[in-house]
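J.: A single structure is presented below for examination.
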């Protein structure tokens with residue numbers, strides 16, 4: 001991977017998890033190799049698009065052979081950082097935060113969820129899948145001691161920006177944000193944000209249901 005990854009477009013980066021997922025399914029089904037044409041048909045892409053995407057990272061295929069599924073799956077996993085074990089915290093132990101903590105396998109996605117924070121005193125001292133819930137008042141001190149890198153925000157949008165600002169000051173460098181508020185991190189170049197709007201996805205489906213069916 002000799003290419004300058006900082007110049008790779010976000011659209012290519014957003015396709016990498018799909019490659020990783022499809023290749024993982026192929027691997028689980030005992031498929032040892034696949035052509036770019038076959039992979040393209042499965043993923044509703046073009047073979048040219050797949051080759052262009054993978055060439056951003058050096059390319060992994062062999063002419064006349066295609067791609068070794070296990071090798072390509074492993075290589076894309078390494079690019080995505082699935083083994084990086086980034087220290088992660090979650091703020092907001094309500095219904096959404098609880099569901100994310102219980103059902104998402106963080107460690108297979110490159111993160112290790114180590115602590116959960118909330119303002120509800122009734123939750124203090126409890127656990128979600130063995131992950132302790134702390135009072136949000138302890139958040140700053142926790143960050144200073146444990147140096148987490150990623151924060152998952154499942155909090156009301158009114159609190160999102162101010163909390164994010166304080167977390168950046170405490171050393172957080174990546175946000176997975178479910179607060180229904182697009183975080184502004186223009187002031188900090190080395191901070192990355194993935195804003196997740198589930199309602200937007202549902203509205204996209206609503207539009208398509210009304211116009212394409």
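The values are calculated or read from the model by the stated rules, or taken from the named source; none is laboratory data. Quick caveat, the model's predicted, so the values are computed rather than measured. Note: ideal-geometry Cβ built from the backbone for every residue, glycine included; neighbour counts use all protein chains shown.
J.: Let me confirm something: among 194, 189, 158, which residue is surrounded by fewer than 17 Cβ atoms within 10 Å (Cβ to Cβ) and closer than 17 Å to residue 118 by Cβ?
T.: Values: 194 fails: closer than 17 Å to residue 118 by Cβ; 189 fails: closer than 17 Å to residue 118 by Cβ.
So the residue among 194, 189, 158 that is surrounded by fewer than 17 Cβ atoms within 10 Å (Cβ to Cβ) and closer than 17 Å to residue 118 by Cβ is 158.
J.: Looking at (1) at pLDDT 95 or above; (2) over 16 Å from the mean Cα position of the chain (by Cα); (3) surrounded by 11 or more Cβ atoms within 10 Å (Cβ to Cβ), can you tell me which one residue 165 breaks?
T.: (1)
J.: Somewhere in the range 116-125, is a residue within 28 Å of residue 72 (Cβ to Cβ), surrounded by fewer than 20 Cβ atoms within 10 Å (Cβ to Cβ) and either without any contact (Cβ under 8 Å) to a residue 60 or more places away in the chain or outside the structural domain of residue 165 (by TED's automatic domain parsing) (or both)? Working first, answer last.
T.: As a first pass, look at the range 116-125 and keep what is within 28 Å of residue 72 (Cβ to Cβ): none.
No, the conditions are met nowhere in the range 116-125.
J.: If residue 206 passes every condition in (1) modelled with pLDDT under 95; (2) assigned to a helix (DSSP H, G or I) but one, which one does it miss?
T.: (1)
J.: Condition check: at pLDDT 95 or above, outside the structural domain of residue 154 (by TED's automatic domain parsing) and either touching a helix residue (DSSP H, G or I) at 6+ places or on another chain (Cβ under 8 Å) or assigned to a helix (DSSP H, G or I) (or both). Does residue 14 satisfy that? Break it down stepwise before answering.
T.: Details: at pLDDT 95 or above: no; outside the structural domain of residue 154 (by TED's automatic domain parsing): yes; either touching a helix residue (DSSP H, G or I) at 6+ places or on another chain (Cβ under 8 Å) or assigned to a helix (DSSP H, G or I) (or both): yes.
In short, no.
J.: Still on this structure, please answer the following. All but one of (1) touching a residue at least 12 places away in the same chain (Cβ under 8 Å); (2) surrounded by fewer than 18 Cβ atoms within 10 Å (Cβ to Cβ) hold for residue 176; which doesn't?
T.: Result: residue 176 passes all but (2).
J.: When the range 77-92 is examined, which residues are found to be in contact (Cβ under 8 Å) with a residue 60 or more places away in the chain and either farther than 27 Å from residue 11 by Cβ or under 12 Å from the mean Cα position of the chain (by Cα) (or both)?
T.: Within the range 77-92, 80, 82, 86, 87, 88, 89, 90, 91, 92 meet the criteria.
J.: Here is a follow-up. Kindly indicate whether any position in the range 58-72 is in contact (Cβ under 8 Å) with a residue 40 or more places away in the chain, touching a helix residue (DSSP H, G or I) at 6+ places or on another chain (Cβ under 8 Å), over 19 Å from residue 34 (Cα atoms) and surrounded by 15 or more Cβ atoms within 10 Å (Cβ to Cβ).
T.: Checked against the condition, which is being in contact (Cβ under 8 Å) with a residue 40 or more places away in the chain, touching a helix residue (DSSP H, G or I) at 6+ places or on another chain (Cβ under 8 Å), over 19 Å from residue 34 (Cα atoms) and surrounded by 15 or more Cβ atoms within 10 Å (Cβ to Cβ), the range 58-72 yields no hits at all.
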